[in-house]
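Novice: Have a look at this one before I ask anything.
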Amino acid sequence: MKRPWVLLGVLAVLIVAGAVLAGPSGSADGGPHGTLALRRYLQAMGGTVRTGDTPPDGPAVFVLLQDLRDANQAGDLVSWARAGGTLVVANPQSETAAAGGVGTVGRVGHYAFGPTTLAPGCVAPEIAGVHTLAVDAGDSVLESDAGGVGCFPISGGTFEVTAPVGRGKVVVLGGISPLTNALLGKADNAAFAQGVFGSGGPVVFGPPLPPGGAPPKGLLGSLPAGARVVLFEIALAAVIFAFVRGRRFGKPTNEAIPSPVPSGELVHAVARLYRSARARAFAGDVLRRGTRRRLRSRLGLGPEPPAADNGALSSTVAQLSGGNPDHVQRLLYGPGPTTEEELIALGRDLEELRRRVEGSWT
């Protein structure tokens, strides 16, 4: 009964891990996790929106919805922002966010699912007209170095941080969920997007890696830090489960032993089975084998040999009991009984033979 529950538990872990690892992708498609609505909205508001591999020259907004850059590549982007650009990073576990002095301290909804509504809790140009922001519970909570302005406080941190760098700034979001097709129309997410991306100049959506950049080695290296933490926790839970199941702590538990079945009840039960099966020949063979085994033990003849060697036992028993050797031979090795009366008579004769043999020593 436990096997289906174990399989269901493994399936639930895989589903949760898949949901955590997949998350919003930030692609330009029309799915619920895409950002097609955001790009069309910014264009409708009069902005210039395009895709580019590198930040443009002059004041502009360079957006990284997914980021796999290393520390050196991230430093180049921050240097670009110092010259007057706005760098928007929606991947809080990336090296680019760390280069802007921003890190994560937890999740918005811990282990909950579904959107969460946050209040601004700050005064900043990009928050003008924003009263609430709908974000996914799986997004991150941020903390920043001195000089960063955090908005939308929750769980000891904030969802958005603006860090001034030189003549520009780095804007880090706890996730891309408020910019996705599914949540852009919720709460004041559209007004928030206009405030973040409408700081001046074209809006350029950049790739996860710069041109010629080498991706992280292996599948594990390509996963975000949060996903790697989840995989580590699953592996640790499996090790702990195996350790707990494989070792019992403390003294063994004294279990109540069920009441033993009386031997007489067992004999009667077996006898009823033999009788219902009409196993008279088999029952007679059991009686003969038991008698021969007891007589050989009392006479010191040892165990019964595999081959038919009944002459020694029959002659010895006939001498001790004073009976006819042929009669003793038929009694110990004869054919099986065919009726209940023959079975009863065989049992009575075997018992009488055993008593005469054992009584010959007294």
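The values are calculated or read from the model by the stated rules, or taken from the named source; none is laboratory data. Since we're looking at a predicted model, the values are computed, not measured. When we count neighbours, we look across all protein chains shown, and the Cβ atoms used for this are built from the backbone with ideal geometry, even at glycine.
Novice: Of all residues in the stretch 120-158 being touching a His at 6+ places or on another chain (Cβ under 9 Å) and of a type outside the set (S, T, N, Q), which is surrounded by the fewest Cβ atoms within 10 Å (Cβ to Cβ)?
Specialist: Quick first cut of the stretch 120-158, residues touching a His at 6+ places or on another chain (Cβ under 9 Å) only: 120, 137, 155.
If we keep only those that are of a type outside the set (S, T, N, Q) as well, we get 120, 137.
Working: PRO120: 21, ALA137: 16.
My answer is ALA137.
Novice: In addition: Is at least one residue of the stretch 51-58 surrounded by 18 or more Cβ atoms within 10 Å (Cβ to Cβ), assigned by TED's automatic domain parsing to the domain that holds PRO153 and outside any loop (DSSP other than H, G, I, E, B)? Give the steps one after another, and end with the answer.
Specialist: We begin by selecting, within the stretch 51-58, every residue surrounded by 18 or more Cβ atoms within 10 Å (Cβ to Cβ); these are 55.
Next, from what is left, pick out any that are assigned by TED's automatic domain parsing to the domain that holds PRO153: 55.
Filter once more, keeping what is outside any loop (DSSP other than H, G, I, E, B): none.
No, because not a single residue in the stretch 51-58 is surrounded by 18 or more Cβ atoms within 10 Å (Cβ to Cβ), assigned by TED's automatic domain parsing to the domain that holds PRO153 and outside any loop (DSSP other than H, G, I, E, B).
Novice: Which of the residues belonging to the stretch 327-362 are in contact (Cβ under 8 Å) with a residue 24 or more places away in the chain, in a helix (DSSP H, G or I) and small (Gly, Ala, Ser)?
Specialist: Within the stretch 327-362, GLY347 is the sole residue that qualifies.
Novice: Scan the stretch 76-93 and tell me whether some residue there is within 36 Å of the chain's Cα centre (by Cα), more than 25 Å from ASN181 (Cα to Cα) and acidic (Asp, Glu).
Specialist: no
Novice: Sort through VAL239, VAL172 and tell me the only one that's within 30 Å of SER79 (Cβ to Cβ) and modelled with pLDDT of 80 or more.
Specialist: Within the list VAL239, VAL172, the selection yields VAL172.
Novice: Ok, one more. So is SER140 within 19 Å of ASN189 (Cα to Cα), out of contact with any Phe, Trp or Tyr (no Cβ under 7 Å at 6 or more places or on another chain) and either of a type in the set (Phe, Trp, Tyr) or modelled with pLDDT of 90 or more (or both) or not?
Specialist: Details: within 19 Å of ASN189 (Cα to Cα): yes; out of contact with any Phe, Trp or Tyr (no Cβ under 7 Å at 6 or more places or on another chain): yes; either of a type in the set (Phe, Trp, Tyr) or modelled with pLDDT of 90 or more (or both): yes.
Spelling it out, SER140 is indeed within 19 Å of ASN189 (Cα to Cα), out of contact with any Phe, Trp or Tyr (no Cβ under 7 Å at 6 or more places or on another chain) and either of a type in the set (Phe, Trp, Tyr) or modelled with pLDDT of 90 or more (or both).
Novice: Also, I was wondering about something else. Any idea which of (1) more than 44 Å from the chain's Cα centre (by Cα); (2) under 24 Å from GLY166 (Cα atoms); (3) not polar (S, T, N, Q) is the one ALA44 doesn't satisfy?
Specialist: It fails just one condition, (2).
Novice: From GLY121, GLY148, GLY101, which residue is over 23 Å from GLN194 (Cα atoms) and of a type outside the set (Lys, Arg)?
Specialist: Numbers: GLY121 fails: over 23 Å from GLN194 (Cα atoms); GLY148 fails: over 23 Å from GLN194 (Cα atoms).
Of the residues listed, the single one that is over 23 Å from GLN194 (Cα atoms) and of a type outside the set (Lys, Arg) is GLY101.
Novice: Within the stretch 104-125, does at least one residue satisfy the condition of being under 29 Å from PRO211 (Cβ atoms), touching a residue at least 24 places away in the same chain (Cβ under 8 Å) and in contact with a helix residue (DSSP H, G or I) (Cβ under 8 Å, 6 or more places away or on another chain)?
Specialist: So the first thing to find is which residues in the stretch 104-125 are under 29 Å from PRO211 (Cβ atoms), and the list is 104.
Next cut, touching a residue at least 24 places away in the same chain (Cβ under 8 Å) only: 104.
Narrowing the set further to residues that are in contact with a helix residue (DSSP H, G or I) (Cβ under 8 Å, 6 or more places away or on another chain) leaves 104.
Yes: the stretch 104-125 contains one or more residues that are under 29 Å from PRO211 (Cβ atoms), touching a residue at least 24 places away in the same chain (Cβ under 8 Å) and in contact with a helix residue (DSSP H, G or I) (Cβ under 8 Å, 6 or more places away or on another chain).
Novice: Out of VAL141, VAL135, VAL161, VAL130, which single residue is touching a helix residue (DSSP H, G or I) at 6+ places or on another chain (Cβ under 7 Å), assigned by TED's automatic domain parsing to the domain that holds ASP67 and assigned to a strand (DSSP E or B)? Working first, answer last.
Specialist: Working: VAL141 fails: touching a helix residue (DSSP H, G or I) at 6+ places or on another chain (Cβ under 7 Å); VAL161 fails: touching a helix residue (DSSP H, G or I) at 6+ places or on another chain (Cβ under 7 Å); VAL130 fails: assigned to a strand (DSSP E or B).
Checking each option against the conditions leaves just VAL135.
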